[in-house]
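First comes the structure, then the notes that go with it.
The values are calculated or read from the model by the stated rules, or taken from the named source; none is laboratory data. Only a predicted model underlies this, so the values are computations on that prediction, with no experimental measurement involved. All Cβ positions, even for glycine, are placed from backbone atoms using ideal geometry, and neighbour counts span all protein chains on display. Ligands, DNA and RNA are excluded from the accessible area calculation, which covers all protein heavy atoms including side chains. Shrake-Rupley method; radii C 1.70, N 1.55, O 1.52, S 1.80 Å.
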Amino acid sequence: MLPPRAGPARQRSPAPGPRVLIPILVLAAAVAQGFGRFGYALLLPAVNADLVHSYAVAGLLGTLNLTAYLGGTLLVSLTAGRLAPAASVRLGLLLTTAGVSVLALAPTVPVLMAGMVLAGFGGAMIWVPAPGIAGSAVHVSRRGLAIGLAGSGIGVGVIVSSGLTALVHAVAGPGSWRPVWGIEAVLAALVAAAAARWLRPEDLPVSGPVRISTLRTVPGWIGSTLSYGGYGLAIAIFMTFLVAAYEDDAGFGSGHASAVFAVVGVCIAAGGILLGRWSDAVGRRVAMTWAYVGMTAAILLVPVGAEPWAVLSAVLFGLAMSGAPAVLAAHLADWLDPRRFAAAFGAVTLVFGLAQLVGPQLGGWIADRTGSFSVAFLVAAGASLCAAVASATLPRRRGPAPSRVAATEGS
(Lines give C-alpha, C1' and ligand atoms only; values in the text may rest on other atoms or scores of the structure.)
Protein backbone atom coordinates (compact mmCIF):
# COMPACT_ATOMS: atom_id res chain seq x y z
CA MET A 1 0.00 0.00 0.00
CA LEU A 2 1.35 3.37 -0.96
CA PRO A 3 1.95 5.87 1.85
CA PRO A 4 -0.42 8.80 1.98
CA ARG A 5 0.63 11.68 -0.25
CA ALA A 6 2.08 14.56 1.67
CA GLY A 7 0.29 17.82 1.31
CA PRO A 8 2.02 20.89 -0.08
CA ALA A 9 4.64 22.31 2.22
CA ARG A 10 3.57 25.45 4.00
CA GLN A 11 5.92 28.28 3.21
CA ARG A 12 6.09 31.37 5.27
CA SER A 13 5.63 34.51 3.16
CA PRO A 14 8.70 36.72 3.03
CA ALA A 15 8.92 39.53 5.56
CA PRO A 16 7.75 42.86 4.17
CA GLY A 17 10.44 45.33 3.21
CA PRO A 18 10.96 48.90 4.38
CA ARG A 19 8.44 50.26 1.86
CA VAL A 20 5.74 48.47 3.84
CA LEU A 21 7.24 48.56 7.34
CA ILE A 22 8.06 52.27 7.46
CA PRO A 23 4.55 53.54 6.56
CA ILE A 24 3.04 51.24 9.18
CA LEU A 25 5.46 52.56 11.79
CA VAL A 26 4.64 56.15 10.76
CA LEU A 27 0.94 55.49 11.32
CA ALA A 28 1.64 53.62 14.57
CA ALA A 29 3.63 56.59 15.91
CA ALA A 30 0.75 58.88 14.94
CA VAL A 31 -1.63 56.76 16.99
CA ALA A 32 0.74 56.50 19.96
CA GLN A 33 1.64 60.17 20.25
CA GLY A 34 -0.86 62.22 18.25
CA PHE A 35 -3.95 60.36 19.49
CA GLY A 36 -2.84 58.77 22.75
CA ARG A 37 -0.82 61.68 24.20
CA PHE A 38 -0.70 65.12 22.59
CA GLY A 39 -4.32 65.11 21.40
CA TYR A 40 -5.54 65.60 24.96
CA ALA A 41 -4.14 69.13 25.10
CA LEU A 42 -6.42 70.13 22.22
CA LEU A 43 -9.54 68.74 23.92
CA LEU A 44 -8.72 69.70 27.49
CA PRO A 45 -10.85 72.91 27.63
CA ALA A 46 -13.92 71.13 26.25
CA VAL A 47 -13.47 68.04 28.43
CA ASN A 48 -13.02 70.22 31.50
CA ALA A 49 -16.10 72.33 30.79
CA ASP A 50 -18.33 69.35 30.01
CA LEU A 51 -17.29 66.62 32.44
CA VAL A 52 -14.30 67.34 34.70
CA HIS A 53 -15.04 70.89 35.97
CA SER A 54 -11.60 71.26 37.54
CA TYR A 55 -8.32 72.16 35.90
CA ALA A 56 -6.50 70.45 38.78
CA VAL A 57 -8.25 67.18 37.94
CA ALA A 58 -7.75 67.82 34.23
CA GLY A 59 -4.03 68.18 34.90
CA LEU A 60 -4.12 64.94 36.89
CA LEU A 61 -5.51 63.17 33.82
CA GLY A 62 -2.49 64.29 31.83
CA THR A 63 -0.17 63.18 34.61
CA LEU A 64 -1.82 59.74 34.71
CA ASN A 65 -1.34 59.40 30.96
CA LEU A 66 2.35 60.19 31.24
CA THR A 67 2.80 57.96 34.30
CA ALA A 68 1.25 55.07 32.39
CA TYR A 69 3.56 55.89 29.49
CA LEU A 70 6.53 55.52 31.83
CA GLY A 71 5.13 52.23 33.10
CA GLY A 72 4.84 50.94 29.55
CA THR A 73 8.37 52.11 28.81
CA LEU A 74 9.71 50.20 31.78
CA LEU A 75 7.82 47.07 30.75
CA VAL A 76 9.21 47.20 27.20
CA SER A 77 12.75 47.62 28.55
CA LEU A 78 12.45 44.76 31.01
CA THR A 79 10.84 42.34 28.54
CA ALA A 80 12.89 43.24 25.45
CA GLY A 81 14.63 39.85 25.54
CA ARG A 82 11.31 37.97 25.45
CA LEU A 83 8.83 40.21 23.66
CA ALA A 84 9.67 40.82 20.01
CA PRO A 85 9.67 44.52 19.04
CA ALA A 86 6.97 43.99 16.39
CA ALA A 87 4.78 42.13 18.87
CA SER A 88 5.12 45.03 21.31
CA VAL A 89 3.97 47.51 18.65
CA ARG A 90 0.96 45.36 17.74
CA LEU A 91 -0.08 44.96 21.37
CA GLY A 92 0.42 48.67 22.01
CA LEU A 93 -1.87 49.55 19.11
CA LEU A 94 -4.62 47.39 20.58
CA LEU A 95 -4.23 49.01 24.01
CA THR A 96 -4.18 52.53 22.58
CA THR A 97 -7.25 51.83 20.45
CA ALA A 98 -9.05 50.55 23.55
CA GLY A 99 -7.93 53.58 25.56
CA VAL A 100 -9.09 56.14 23.00
CA SER A 101 -12.40 54.27 22.66
CA VAL A 102 -12.90 54.46 26.43
CA LEU A 103 -12.16 58.19 26.35
CA ALA A 104 -14.77 58.75 23.66
CA LEU A 105 -17.47 56.95 25.66
CA ALA A 106 -16.44 57.89 29.22
CA PRO A 107 -19.48 58.90 31.33
CA THR A 108 -17.47 59.81 34.43
CA VAL A 109 -14.04 61.10 35.42
CA PRO A 110 -12.82 57.70 36.75
CA VAL A 111 -13.57 56.16 33.35
CA LEU A 112 -11.66 59.00 31.71
CA MET A 113 -8.73 58.14 33.96
CA ALA A 114 -8.87 54.51 32.86
CA GLY A 115 -8.83 55.56 29.21
CA MET A 116 -5.85 57.85 29.74
CA VAL A 117 -3.94 55.05 31.46
CA LEU A 118 -4.65 52.57 28.65
CA ALA A 119 -3.67 55.10 25.98
CA GLY A 120 -0.45 56.07 27.75
CA PHE A 121 0.62 52.49 28.41
CA GLY A 122 -0.13 51.43 24.85
CA GLY A 123 1.67 54.44 23.40
CA ALA A 124 4.92 53.46 25.09
CA MET A 125 4.64 49.89 23.82
CA ILE A 126 4.35 51.30 20.31
CA TRP A 127 6.96 54.02 20.29
CA VAL A 128 9.84 52.58 22.31
CA PRO A 129 10.60 49.66 19.93
CA ALA A 130 9.46 51.36 16.70
CA PRO A 131 12.71 53.23 15.84
CA GLY A 132 14.72 50.04 16.28
CA ILE A 133 12.49 48.21 13.80
CA ALA A 134 12.80 51.06 11.31
CA GLY A 135 16.57 51.33 11.68
CA SER A 136 17.10 47.59 11.23
CA ALA A 137 15.05 47.49 8.02
CA VAL A 138 17.52 49.53 5.96
CA HIS A 139 21.23 49.79 5.32
CA VAL A 140 23.27 51.65 7.92
CA SER A 141 23.83 54.56 5.54
CA ARG A 142 20.10 55.33 5.63
CA ARG A 143 19.35 54.43 9.24
CA GLY A 144 18.88 58.02 10.40
CA LEU A 145 16.48 58.69 7.54
CA ALA A 146 14.42 55.57 8.29
CA ILE A 147 14.15 56.37 11.98
CA GLY A 148 13.32 59.98 11.15
CA LEU A 149 10.54 58.82 8.85
CA ALA A 150 9.08 56.67 11.61
CA GLY A 151 9.27 59.59 14.02
CA SER A 152 7.50 61.85 11.54
CA GLY A 153 4.36 59.97 12.51
CA ILE A 154 4.28 62.01 15.72
CA GLY A 155 3.84 65.17 13.67
CA VAL A 156 1.29 63.45 11.44
CA GLY A 157 -0.70 62.55 14.53
CA VAL A 158 -0.56 66.10 15.88
CA ILE A 159 -1.69 67.47 12.50
CA VAL A 160 -4.55 64.99 12.24
CA SER A 161 -5.65 65.65 15.82
CA SER A 162 -5.52 69.43 15.28
CA GLY A 163 -7.41 69.30 12.01
CA LEU A 164 -9.97 66.84 13.30
CA THR A 165 -10.58 68.92 16.42
CA ALA A 166 -11.06 72.07 14.35
CA LEU A 167 -13.45 70.28 11.99
CA VAL A 168 -15.57 68.80 14.77
CA HIS A 169 -15.71 72.13 16.59
CA ALA A 170 -16.77 73.88 13.39
CA VAL A 171 -19.57 71.37 12.79
CA ALA A 172 -20.74 70.52 16.31
CA GLY A 173 -19.54 73.46 18.37
CA PRO A 174 -16.45 74.20 20.49
CA GLY A 175 -17.71 72.05 23.36
CA SER A 176 -17.67 68.81 21.35
CA TRP A 177 -14.93 66.35 22.24
CA ARG A 178 -16.35 62.82 22.12
CA PRO A 179 -16.58 62.70 18.29
CA VAL A 180 -12.88 63.58 18.03
CA TRP A 181 -11.79 60.63 20.15
CA GLY A 182 -14.41 58.43 18.51
CA ILE A 183 -13.02 59.06 15.03
CA GLU A 184 -9.47 58.64 16.31
CA ALA A 185 -10.45 55.27 17.81
CA VAL A 186 -11.66 54.09 14.40
CA LEU A 187 -8.45 55.28 12.73
CA ALA A 188 -6.36 53.59 15.43
CA ALA A 189 -8.25 50.32 14.89
CA LEU A 190 -7.46 50.45 11.17
CA VAL A 191 -3.75 50.95 11.90
CA ALA A 192 -3.85 48.05 14.39
CA ALA A 193 -5.38 45.83 11.70
CA ALA A 194 -2.67 46.82 9.21
CA ALA A 195 0.04 46.07 11.79
CA ALA A 196 -1.51 42.68 12.53
CA ARG A 197 -1.37 41.89 8.83
CA TRP A 198 2.07 43.18 7.84
CA LEU A 199 4.13 43.87 10.97
CA ARG A 200 5.18 40.37 11.94
CA PRO A 201 7.69 39.40 14.65
CA GLU A 202 10.84 37.78 13.28
CA ASP A 203 12.24 34.62 14.82
CA LEU A 204 15.80 35.76 15.41
CA PRO A 205 18.23 34.22 17.89
CA VAL A 206 19.13 36.35 20.87
CA SER A 207 22.72 35.95 22.01
CA GLY A 208 22.92 36.46 25.73
CA PRO A 209 20.50 38.25 28.05
CA VAL A 210 18.86 41.53 27.12
CA ARG A 211 18.75 43.90 30.08
CA ILE A 212 17.93 47.54 30.65
CA SER A 213 21.62 48.04 31.56
CA THR A 214 22.39 47.40 27.88
CA LEU A 215 22.38 51.18 27.53
CA ARG A 216 25.74 51.34 29.30
CA THR A 217 27.41 49.43 26.45
CA VAL A 218 26.73 52.33 24.07
CA PRO A 219 29.60 54.87 23.87
CA GLY A 220 28.44 58.29 25.04
CA TRP A 221 25.49 56.82 26.94
CA ILE A 222 25.76 59.36 29.76
CA GLY A 223 25.58 62.29 27.37
CA SER A 224 22.71 60.65 25.50
CA THR A 225 20.74 60.14 28.68
CA LEU A 226 21.34 63.63 30.07
CA SER A 227 20.48 65.23 26.75
CA TYR A 228 17.18 63.35 26.57
CA GLY A 229 16.34 64.44 30.11
CA GLY A 230 16.95 68.10 29.24
CA TYR A 231 14.90 67.60 26.07
CA GLY A 232 12.02 66.17 28.10
CA LEU A 233 11.92 69.16 30.45
CA ALA A 234 12.14 71.64 27.56
CA ILE A 235 9.31 70.17 25.49
CA ALA A 236 7.10 69.63 28.56
CA ILE A 237 7.14 73.36 29.32
CA PHE A 238 7.01 74.48 25.68
CA MET A 239 4.16 72.21 24.51
CA THR A 240 2.10 72.68 27.69
CA PHE A 241 2.21 76.46 27.88
CA LEU A 242 2.82 77.63 24.30
CA VAL A 243 -0.80 78.49 23.50
CA ALA A 244 -1.40 79.99 26.94
CA ALA A 245 1.75 82.13 26.71
CA TYR A 246 0.74 83.62 23.38
CA GLU A 247 -2.85 84.24 24.49
CA ASP A 248 -2.18 85.56 28.01
CA ASP A 249 1.22 87.24 27.65
CA ALA A 250 1.28 88.33 24.00
CA GLY A 251 -2.44 88.96 23.49
CA PHE A 252 -2.80 86.60 20.52
CA GLY A 253 -6.32 85.46 19.68
CA SER A 254 -7.14 81.78 20.23
CA GLY A 255 -7.14 81.14 16.48
CA HIS A 256 -3.73 82.77 16.07
CA ALA A 257 -2.21 80.84 18.97
CA SER A 258 -3.72 77.54 17.73
CA ALA A 259 -2.34 78.21 14.26
CA VAL A 260 1.17 78.61 15.70
CA PHE A 261 0.70 75.31 17.53
CA ALA A 262 -0.34 73.70 14.24
CA VAL A 263 2.87 74.97 12.61
CA VAL A 264 4.79 73.11 15.31
CA GLY A 265 2.94 69.93 14.34
CA VAL A 266 3.71 70.35 10.63
CA CYS A 267 7.40 70.82 11.36
CA ILE A 268 7.45 67.86 13.75
CA ALA A 269 6.42 65.75 10.77
CA ALA A 270 9.45 66.99 8.79
CA GLY A 271 12.11 67.35 11.47
CA GLY A 272 12.92 63.69 12.03
CA ILE A 273 13.29 63.10 8.31
CA LEU A 274 15.53 66.11 7.70
CA LEU A 275 17.75 65.78 10.77
CA GLY A 276 17.85 61.99 10.61
CA ARG A 277 19.11 62.13 7.04
CA TRP A 278 21.52 64.93 7.94
CA SER A 279 22.94 62.80 10.74
CA ASP A 280 23.64 60.03 8.21
CA ALA A 281 25.87 62.53 6.40
CA VAL A 282 27.56 64.56 9.15
CA GLY A 283 27.36 62.21 12.14
CA ARG A 284 25.02 61.84 15.09
CA ARG A 285 26.93 64.14 17.46
CA VAL A 286 26.92 67.17 15.17
CA ALA A 287 23.28 66.76 14.16
CA MET A 288 22.01 66.26 17.70
CA THR A 289 24.02 69.13 19.16
CA TRP A 290 22.80 71.61 16.57
CA ALA A 291 19.23 70.35 16.92
CA TYR A 292 19.30 71.34 20.59
CA VAL A 293 20.93 74.69 19.79
CA GLY A 294 18.08 75.38 17.38
CA MET A 295 15.55 74.31 19.99
CA THR A 296 17.11 76.71 22.51
CA ALA A 297 16.79 79.59 20.06
CA ALA A 298 13.17 78.64 19.35
CA ILE A 299 12.23 78.69 23.02
CA LEU A 300 13.89 82.06 23.58
CA LEU A 301 11.77 83.55 20.78
CA VAL A 302 8.47 82.76 22.54
CA PRO A 303 8.67 85.57 25.15
CA VAL A 304 9.15 88.05 22.29
CA GLY A 305 5.43 87.53 21.67
CA ALA A 306 5.27 88.95 18.15
CA GLU A 307 5.35 87.90 14.52
CA PRO A 308 7.23 86.75 12.53
CA TRP A 309 9.18 85.42 15.53
CA ALA A 310 6.31 83.24 16.74
CA VAL A 311 6.15 81.34 13.45
CA LEU A 312 9.94 81.11 13.26
CA SER A 313 9.97 79.72 16.80
CA ALA A 314 7.34 77.13 15.87
CA VAL A 315 9.31 76.04 12.81
CA LEU A 316 12.62 75.69 14.66
CA PHE A 317 11.06 73.94 17.63
CA GLY A 318 9.02 71.51 15.54
CA LEU A 319 12.05 70.49 13.48
CA ALA A 320 14.18 69.98 16.60
CA MET A 321 11.44 68.26 18.58
CA SER A 322 11.28 65.29 16.22
CA GLY A 323 14.82 65.62 14.86
CA ALA A 324 16.71 65.28 18.14
CA PRO A 325 15.11 61.99 19.28
CA ALA A 326 15.45 60.58 15.76
CA VAL A 327 19.19 61.22 15.85
CA LEU A 328 19.46 59.81 19.36
CA ALA A 329 17.60 56.68 18.29
CA ALA A 330 19.88 56.34 15.27
CA HIS A 331 22.91 56.61 17.57
CA LEU A 332 21.61 53.76 19.73
CA ALA A 333 20.68 51.70 16.67
CA ASP A 334 24.23 52.13 15.36
CA TRP A 335 25.46 50.06 18.30
CA LEU A 336 22.56 47.72 19.17
CA ASP A 337 20.31 45.13 17.56
CA PRO A 338 16.52 45.77 17.68
CA ARG A 339 15.86 43.92 20.96
CA ARG A 340 18.72 45.60 22.78
CA PHE A 341 17.71 48.88 21.19
CA ALA A 342 14.26 48.58 22.79
CA ALA A 343 15.84 48.01 26.21
CA ALA A 344 18.29 50.92 25.85
CA PHE A 345 15.84 53.36 24.28
CA GLY A 346 13.40 52.50 27.04
CA ALA A 347 16.04 53.37 29.63
CA VAL A 348 16.71 56.85 28.22
CA THR A 349 12.96 57.35 27.72
CA LEU A 350 12.43 56.78 31.44
CA VAL A 351 14.72 59.75 32.18
CA PHE A 352 12.91 61.76 29.52
CA GLY A 353 9.54 60.85 31.04
CA LEU A 354 10.55 61.80 34.56
CA ALA A 355 11.63 65.22 33.27
CA GLN A 356 8.27 65.54 31.55
CA LEU A 357 6.49 64.81 34.81
CA VAL A 358 8.33 67.71 36.45
CA GLY A 359 8.00 70.18 33.56
CA PRO A 360 4.29 71.14 33.64
CA GLN A 361 4.22 71.54 37.42
CA LEU A 362 7.43 73.55 37.43
CA GLY A 363 6.31 75.79 34.58
CA GLY A 364 2.90 76.36 36.13
CA TRP A 365 4.40 77.18 39.52
CA ILE A 366 6.81 79.69 37.96
CA ALA A 367 3.97 81.30 35.98
CA ASP A 368 1.85 81.64 39.13
CA ARG A 369 4.74 83.19 41.05
CA THR A 370 5.85 85.64 38.36
CA GLY A 371 2.55 86.44 36.64
CA SER A 372 3.79 85.47 33.16
CA PHE A 373 5.29 82.54 31.28
CA SER A 374 8.55 84.26 30.32
CA VAL A 375 10.68 82.86 33.15
CA ALA A 376 9.27 79.38 32.58
CA PHE A 377 10.39 79.53 28.96
CA LEU A 378 13.82 80.71 30.07
CA VAL A 379 14.06 77.59 32.25
CA ALA A 380 13.05 75.47 29.26
CA ALA A 381 15.72 77.17 27.13
CA GLY A 382 18.31 76.43 29.82
CA ALA A 383 17.32 72.75 29.81
CA SER A 384 17.63 72.61 26.03
CA LEU A 385 21.04 74.29 26.12
CA CYS A 386 22.22 71.72 28.69
CA ALA A 387 21.01 69.00 26.30
CA ALA A 388 23.18 70.53 23.56
CA VAL A 389 26.24 70.48 25.83
CA ALA A 390 25.57 66.85 26.79
CA SER A 391 25.16 65.86 23.13
CA ALA A 392 28.59 67.25 22.34
CA THR A 393 30.10 64.35 24.35
CA LEU A 394 28.86 61.70 21.91
CA PRO A 395 31.54 59.84 19.89
CA ARG A 396 32.31 60.92 16.34
CA ARG A 397 32.19 57.48 14.76
CA ARG A 398 29.27 55.13 14.28
CA GLY A 399 29.03 51.76 15.95
CA PRO A 400 29.10 48.25 14.51
CA ALA A 401 25.49 47.17 15.00
CA PRO A 402 24.49 44.71 12.28
CA SER A 403 21.69 45.49 9.88
CA ARG A 404 19.18 42.68 9.99
CA VAL A 405 18.00 43.29 6.48
CA ALA A 406 21.16 44.05 4.56
CA ALA A 407 19.46 42.70 1.45
CA THR A 408 17.32 45.79 1.36
CA GLU A 409 20.32 48.03 0.67
CA GLY A 410 19.20 48.52 -2.88
CA SER A 411 15.57 49.11 -1.91
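Taking just the C-alpha trace of segment 198-352, give me its Rg and Dmax in Å.
17.8, 59
How big is D, in µm² s⁻¹, for segment 8-155 by Stokes-Einstein at 4 °C and 1.567 mPa s if Rh is the Kirkwood radius over C-alpha pairs?
D = 80 µm²/s.
For segment 70-179, report the translational diffusion coefficient in µm²/s to the nearest whole number, using Stokes-Einstein at 20 °C, 1.002 mPa s, and a Kirkwood Rh over Cα pairs.
D, rounded to a whole number, is 137 µm²/s.
Any idea of the accessible area per residue across the chain, 1.4 Å probe, to the nearest Å²?
It amounts to 40 Å² per residue over the chain.
On a C-alpha basis, how far is the centre of segment 272-346 from the centre of segment 75-91 in Å? Whole number, if you could?
25 Å
Longest segment of the chain with no trypsin sites (Lys or Arg not before Pro) in a DSSP loop having at most 15 other Cβ atoms within 10 Å?
Of all site-free stretches, the longest is 83-395.
What does the charge dipole of the chain about its Cα centre add up to, to the nearest 20 debye, if the Cβ of each Lys and Arg holds +1 and the Cβ of each Asp and Glu holds -1?
1740 debye
Express the carbon and sulfur contribution to the solvent-accessible surface of the chain as a percent, rounded to the nearest whole number, probe 1.4 angstrom.
Using a 1.4 Å probe with all protein chains present, the chain comes out at 69 percent carbon and sulfur.
When Lys and Arg each count +1 and Asp and Glu each count -1, what net charge do the other residues less than 11 Å away from Phe241, Cβ to Cβ, add up to?
Local charge sum for Phe241: -3.
For segment 299-371, what is the Kirkwood estimate of the hydrodynamic radius, computed as the reciprocal of the mean inverse distance between distinct Cα atoms, to one decimal in Å?
One decimal place: 14.9 Å for the Kirkwood radius.
Which shape class applies to segment 138-206: rounded if a/c is under 1.5, otherwise prolate when a/b exceeds b/c and oblate if not, where a ≥ b ≥ c are the square roots of the Cα gyration tensor eigenvalues?
In terms of gyration-tensor shape, oblate.
In whole Å, how far is the Cα centre of segment 15-45 from that of segment 116-189?
Their Cα centres are 2 Å away from one another.
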